Amino acid sequence: MWVMIRYAAAYLHSFELVFFRNFIGLILLMPMLLGTPGLIRRDRLRVHLGRATSGFIATMGTFYAVANAPLADVLAINYTAPLFGTLGAVLVLGERIRARRMVALALGFAGMLLVLRPGSVPISAGIVAAIVSAVATGYSIVAMRSLVGVDDARAVAAWTFILTCLPSLLVALFVWAAPPPAVWGLLAGIGAAAAIGQLTLTRAFALSEASAVLPLDFVRFGLVTAAGVLLFDERYDAFTLAGGALILASTIYLAWREAQVKREG
């Protein structure tokens, strides 16, 4: 999806791409929604609305960042989302945090500083958007944890598209341009990738602990970094790669430790 966003951003503003992501994704989910009566329930609308709001901000930030900043940098920053989620769970939900989790959090944010290197690397608008996206995604993770396991994973994914379609259209109108014929295939691909990604991610968290799911995200780090080098002629230094690896390792450790504490409980 990130590769298609980068190509499509040459024709349309990233905010317009977000609308098409939501609109086409919702169209692709309609057969599932129509074929499963009772899947969409309104009794948990408030929680879904909170997750959709944070998801809307995160998607806007991610699409803008992918269109305007190096892919590996954006992804490394994106990996801090579970760290912000853990911090949010402590501050908002009152979860206890022990020394080992505090060390993992500190190492994860140190990894982000390695990627950003404040003072030596220019902080562009795309990088700022990636940071905003990571914080918003962190809140979305906290909200998802309260939904998955209670609501059907398919409903959790569908509500995201239902609730963000209209707001993303309203934002897109300010930068609207008629999509040329060459870009429609990319728009369809972005919508399809988003729908598949949301469905499979929520299903993965419903079936397995985060400690089993998150290590597989290392595949995404390799694919996105390779795409940046091979397709967009981007160059990364050792600090970016080391920072991304440190952030991912911290995220995996936090998920593993959380699962261990639950089992002990």
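Kindly check whether there is at least one residue in segment 254-264 that is within 18 Å of Met1 (Cβ to Cβ), out of contact with any Asp or Glu (no Cβ under 8 Å at 6 or more places or on another chain) and surrounded by 14 or more Cβ atoms within 10 Å (Cβ to Cβ).
no
Checking Leu33 against (1) within 30 Å of Val183 (Cβ to Cβ); (2) more than 18 Å from the chain's Cα centre (by Cα); (3) modelled with pLDDT under 80: exactly one of these is not met. Which one?
Among (1) within 30 Å of Val183 (Cβ to Cβ); (2) more than 18 Å from the chain's Cα centre (by Cα); (3) modelled with pLDDT under 80, Leu33 violates only (3).
Report those helices (runs of 4 or more DSSP H) wholly inside segment 47-146 carrying at least 2 residues which are under 18 Å from Arg21 (Cβ atoms) and modelled with pLDDT of 75 or more.
71-78
Please pick out the residue among Arg46, Arg42 that is over 30 Å from Arg101 (Cβ atoms), among the basic types (Lys, Arg), out of contact with any Phe, Trp or Tyr (no Cβ under 8 Å at 6 or more places or on another chain) and without any contact (Cβ under 8 Å) to a residue 24 or more places away in the chain.
Arg42
If I ask for residues that are β-branched (Val, Ile, Thr) and within 18 Å of the chain's Cα centre (by Cα), which ones from segment 216-234 would you list?
Hits for segment 216-234 are Val219, Val224, Thr225.
Which members of segment 66-84 meet the condition of being crowded, with 24+ Cβ neighbours inside 10 Å and aromatic (Phe, Trp, Tyr)?
Listed by number, the list holds a single entry, Tyr79.
Which of the residues spanning segment 189-200 are touching a helix residue (DSSP H, G or I) at 6+ places or on another chain (Cβ under 8 Å) and either at pLDDT below 95 or crowded, with 19+ Cβ neighbours inside 10 Å (or both)?
Ile190, Gly191, Ala194, Ala195, Gln198, Leu199
From the set of residues in segment 176-188 that are surrounded by 13 or more Cβ atoms within 10 Å (Cβ to Cβ) and of a type in the set (A, V, I, L, M, F, W, C), which is nearest to Ala10 (Cα to Cα)?
By that ranking, first place goes to Val183.
Residue by residue through segment 1-37, note down the ones that are closer than 23 Å to Gly61 by Cβ, among the small types (Gly, Ala, Ser) and surrounded by fewer than 19 Cβ atoms within 10 Å (Cβ to Cβ).
Ala10
The values are calculated or read from the model by the stated rules, or taken from the named source; none is laboratory data. Only a predicted model underlies this, so the values are computations on that prediction, with no experimental measurement involved. A quick note on method: Cβ atoms are made from the backbone with ideal geometry, for glycine too, and the neighbour counts reach across all protein chains shown.
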